[in-house]
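The values are calculated or read from the model by the stated rules, or taken from the named source; none is laboratory data. These numbers come from a predicted model, not from an experiment. Using ideal geometry, Cβ is built from the backbone for each residue, glycine included, and neighbour counts are taken over all protein chains shown.
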Amino acid sequence: MLRFAITLLAVITSSTCQKHGCLEGDTHKLKPGPEPKMQECTLYSKFSCCYADFTEQLAPSPVIKVGDSYWNRCGQLSKSCEDFTKKIECFYRCSPDAAYWTHPNDTAAIQAVPLCQSFCDDWYEACKDDSICVRNWLTDWEWDKNGENHCKDKCIPYHEMYANGTDMCQSMWGESFKVSESSCLCLQMNKKDSIAIKYILSKSSEESSSSSSSSSEEHACQNKLLKFEKLKQKEGEQSR
């Protein structure tokens, strides 16, 4: 019985650490902490899962290469498209919240992170006239002996590769992201995410998710977000 209790405690502790820690990727820290000298991804600087020196790769514009992966195999990304691509890269590499969606079969990967429809639509709009040669950035490249990525097929515009923002968000990073049906219980890769995540986790913790509990979390999230926006608007007026 004691052995069972110890084993159960170990499982619970491991699960909790995984959710409140960092992913286990090659650039991730063992646990999140402050990184005040970050050049990019500053949204996560107070509690980051990446080291500040990693963000040096994302600081210049245009970004040429992150790790062994070139971003310019079909030409340089436009500034607007690059900005959205950076947001995704920063979330995966640096956000301590990414671990809430750790892939069940790969502790270095994420699965089904809920993105807002508006975020995906804006991302698609920003990139639709840029060019790309792979549908899935995680699996469709050809990798050489040095570990660097190359196109297998010709470059085509994003709007030919992906039908719309939903298609792009749910395809470009494999199963890493999904488009949420909610307009609030979803991520936008900005400061509002801290509000959304609180209610997303609250909703997920319900053992039986009824439509009423889901509606309640949605309503609470919307109210909190409205207060946040009003506060930011007031702060902006005072700073003028």
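Could you look through the range 51-69, keep only residues that are among the β-branched types (Val, Ile, Thr) and assigned to a loop (DSSP other than H, G, I, E, B), and pick out the one that is farthest from the chain's Cα centre (by Cα)? Please lay out each step first, then the result.
So the first thing to find is which residues in the range 51-69 are among the β-branched types (Val, Ile, Thr), and the list is 55, 63-64, 66.
Among the residues that remain, those that are also assigned to a loop (DSSP other than H, G, I, E, B) are: 63-64.
Details: Val63: 18, Ile64: 20 Å.
Only one residue fits best here, namely Ile64.
Filter the range 1-24 down to the residues that are at pLDDT below 95 and not in a helix (DSSP H, G or I), then identify the one that is surrounded by the fewest Cβ atoms within 10 Å (Cβ to Cβ). Break it down stepwise before answering.
Just the residues of the range 1-24 that are at pLDDT below 95, to begin with: 1-21.
Imposing the further condition that a residue be not in a helix (DSSP H, G or I) reduces the set to 1, 20-21.
Working: Met1: 5, His20: 13, Gly21: 18.
Among those that are at pLDDT below 95 and not in a helix (DSSP H, G or I), it is Met1.
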